[in-house]
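Peer 1: Below: one structure in structure tokens.
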Amino acid sequence: MTEPNLNANSTTGASVPGQLPLRIPEGIRYNCQGCGRCCTGYAVGLTEDDYQRIKDVDWGARYPQLAGKELYTHSEKEYAAGLSLYPHHTKTNEHGECSFLIDNLCSIHSSLGESEKPGMCKLFPYTFVPTPSGIYVGVAMNSMAAVRNIGQLLTDQREQLEHTWHIAVQQEKSHGRASQQVASLADSLTVESLSNVQYDVSLVSGAPLTWEQYLLIEARILRAIQSDEFPNIFHVFLAISDILAESLKLKVSNQDLAAISQFKPSIDRWFEEVPGVFENLVFNLIAFRNNEWTTLRKQYAAEWATSTKSPLTQPPVIKAALRTVLQGKMFIPELGIISLDKARNYKTDAFEPEVDGFIRRYLYHKIFSKTFCGPAMSGLSMIAGFNNLAANFLSGITYAKAYALCRGEKQIRLANLYEAYFLMDKEMASLTQLPREKAQFYDNGFSSARLFCRLFGQISASVGDR
Ligand code: SF4
């Protein structure tokens, strides 16, 4: 087999002996803009150390709004049983915000200093994925600054990233699950010790890839995203589906996966096909998960964090889910009830370059940072992980088109797309914490490389000229 170039996408210090082998994506920016939106929708997990640092502070004396309020929930039993990653959580207020968020500022940060904040908040939104070719860095998009690509380039934040990596290691250690290798290797991880890092990833469940095979497929996918091979973004998604389907063919027939680098995707046939009932139901389900549920979940944030009973069993949630999935009617707070079918197929002009650029950046970033599949995504296979990104794209475009439809506009607005991606990446964050058996279920359902091709063929016909 041809050796893949492990220095592909090499960035700052990735191969400097003795240095932390960070691989940092090009063109990705982030600095906190202090909007406070990241601190909503979730109860923040607290390690025992986090909790001990802040539990005896008289918060009511410092902030009258907090006087007499219960600020924490406890899940020690679930934590001991491996059902919760954290023994404690901050309690969310009636607006679904972390109780410590006051006037859009973190009151722990304001009164005790940044170092005293929960580890999870100090780490956010940076992601680190240790692999045999380096520690891949990224930022989660459930931060508006990350979605909008605002701030300093990550490639210029090396020192800060090294510091944050060590916080990430402490967090992993406190979970006591998953990354045992991180716990044992992390503090001393160098270019020389990378070969000790294990990284389990498969193409689909039951078809494991070596790290070299994974990189070969990934390199071909990144080329489809970054080059001018496919000027239409819908075609990029169809092309990646074809690359993955071809990779699977090579893999199951024991052929050399190096051939994928020369593979020419073929996408034309999908423009003639119409999505069936099954695809429409899956699409409606994804739209519910990525949009309506992200609003509903704020009401159930505390329960979600500490209970083994899913808030998805609450009657109002079931009612909303059934309406969206079976009737294709979704509630968007600013727009009311919209028809998913009408919104998805609403005819707009071709995307403006900023929209296309945003979607390519998002895709490149997720794939480069290895946060779409594998150990960073509850062990999802490459095909299931990509399908998840594709589903996000379809529902994000539909969300932005719903706004265009209601306004009678022929262009989707980037601001609406940003909002859709911000909401859905919050949901992605919960996928990263799925227990293995639930992730396996999800993996099986998303295991066809062609799962969304008909939907892509159809929706692309409604955006400019095909
Ligand atoms: S503890 Fe502070 S930084 Fe963390 S979510 Fe709450 S308000 Fe935000």
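The values are calculated or read from the model by the stated rules, or taken from the named source; none is laboratory data. All values derive from a computational prediction rather than experimental measurement. All Cβ positions, even for glycine, are placed from backbone atoms using ideal geometry, and neighbour counts span all protein chains on display.
Peer 1: Quick test for you: out of L455, L405, pick the one residue that is under 18 Å from V282 (Cα atoms) and either basic (K, R) or at pLDDT 95 or above (or both).
Peer 2: Numbers: L405 fails: under 18 Å from V282 (Cα atoms).
So the residue among L455, L405 that is under 18 Å from V282 (Cα atoms) and either basic (K, R) or at pLDDT 95 or above (or both) is L455.
Peer 1: Could you grab the pairs with beta carbons closer than 8 Å, sequence gap of 6+ or different chains, first residue in region 96-116 and on the phi > 0 side of the Ramachandran plot, second one near the ligand (Cβ under 9 Å from one of its atoms)?
Peer 2: Matching pairs, first to second residue: G96/T40; N104/G36.
Peer 1: Identify, by number, the condition in (1) within 29 Å of L434 (Cβ to Cβ); (2) surrounded by 12 or more Cβ atoms within 10 Å (Cβ to Cβ) that R62 doesn't meet.
Peer 2: Tallying (1) within 29 Å of L434 (Cβ to Cβ); (2) surrounded by 12 or more Cβ atoms within 10 Å (Cβ to Cβ), R62 fails exactly one: (1).
Peer 1: May I pose another question? Where in region 12-120 are there helices (runs of 4 or more DSSP H), lying wholly inside it, with at least 1 residues that are within 11 Å of the ligand (Cβ to nearest atom) and outside the structural domain of G151 (by TED's automatic domain parsing)? If you could, list the steps in order and put the result at the bottom.
Peer 2: On the way: elements: 48-54, 59-62, 76-80, 107-112.
By residue number, 48-54, 107-112.
Peer 1: Separate question: Find the residue count for region 444-466, including only residues that are within 21 Å of Y346 (Cβ to Cβ) and assigned to a loop (DSSP other than H, G, I, E, B). Lay out the reasoning, then the answer.
Peer 2: As a first pass, look at region 444-466 and keep what is within 21 Å of Y346 (Cβ to Cβ): 452-466.
Right, trim to assigned to a loop (DSSP other than H, G, I, E, B) and you get 452, 461-462, 464-466.
Adding up the residues that qualify gives 6.
Peer 1: Anything in region 39-81 that is over 29 Å from L423 (Cβ atoms) and small (G, A, S)? List them, or say none.
Peer 2: Passing the criteria: G60, A61, A67, G68, A80, A81.
Peer 1: Cβ-Cβ distance below 8 Å, separation of 6 or more or different chains: which pairs start in region 30-51 with a residue that is without any contact (Cβ under 8 Å) to a residue 40 or more places away in the chain and end on one that is outside any loop (DSSP other than H, G, I, E, B) and of a type outside the set (G, A, S)?
Peer 2: Y51/Y72; Y51/H88
Peer 1: Just give me the residues in region 402-434 being assigned to a helix (DSSP H, G or I), over 19 Å from F372 (Cα atoms) and touching a residue at least 60 places away in the same chain (Cβ under 8 Å), in sequence order.
Peer 2: Step one: of region 402-434, the residues assigned to a helix (DSSP H, G or I) are 402-407, 414-431.
Still in the list and also over 19 Å from F372 (Cα atoms): 402-407, 414-417, 419.
Answer for region 402-434, where residues must be assigned to a helix (DSSP H, G or I), over 19 Å from F372 (Cα atoms) and touching a residue at least 60 places away in the same chain (Cβ under 8 Å): A402, Y403, L405, C406, L414, L417.
Peer 1: Kindly provide the set of residues from region 121-132 that are within 9 Å of the ligand (Cβ to nearest atom) and touching a Ser or Thr at 6+ places or on another chain (Cβ under 8 Å), ordered by number.
Peer 2: Taking region 121-132 as the starting set, the residues that turn out to be within 9 Å of the ligand (Cβ to nearest atom) are 121-122, 124.
Of everything in region 121-132, those that are within 9 Å of the ligand (Cβ to nearest atom) and touching a Ser or Thr at 6+ places or on another chain (Cβ under 8 Å) turn out to be K122, F124.
Peer 1: Take the conditions surrounded by fewer than 19 Cβ atoms within 10 Å (Cβ to Cβ), more than 23 Å from the chain's Cα centre (by Cα) and at pLDDT 95 or above and apply them to T348. Does it pass?
Peer 2: Details: surrounded by fewer than 19 Cβ atoms within 10 Å (Cβ to Cβ): yes; more than 23 Å from the chain's Cα centre (by Cα): yes; at pLDDT 95 or above: yes.
Yes: the conditions hold for T348.
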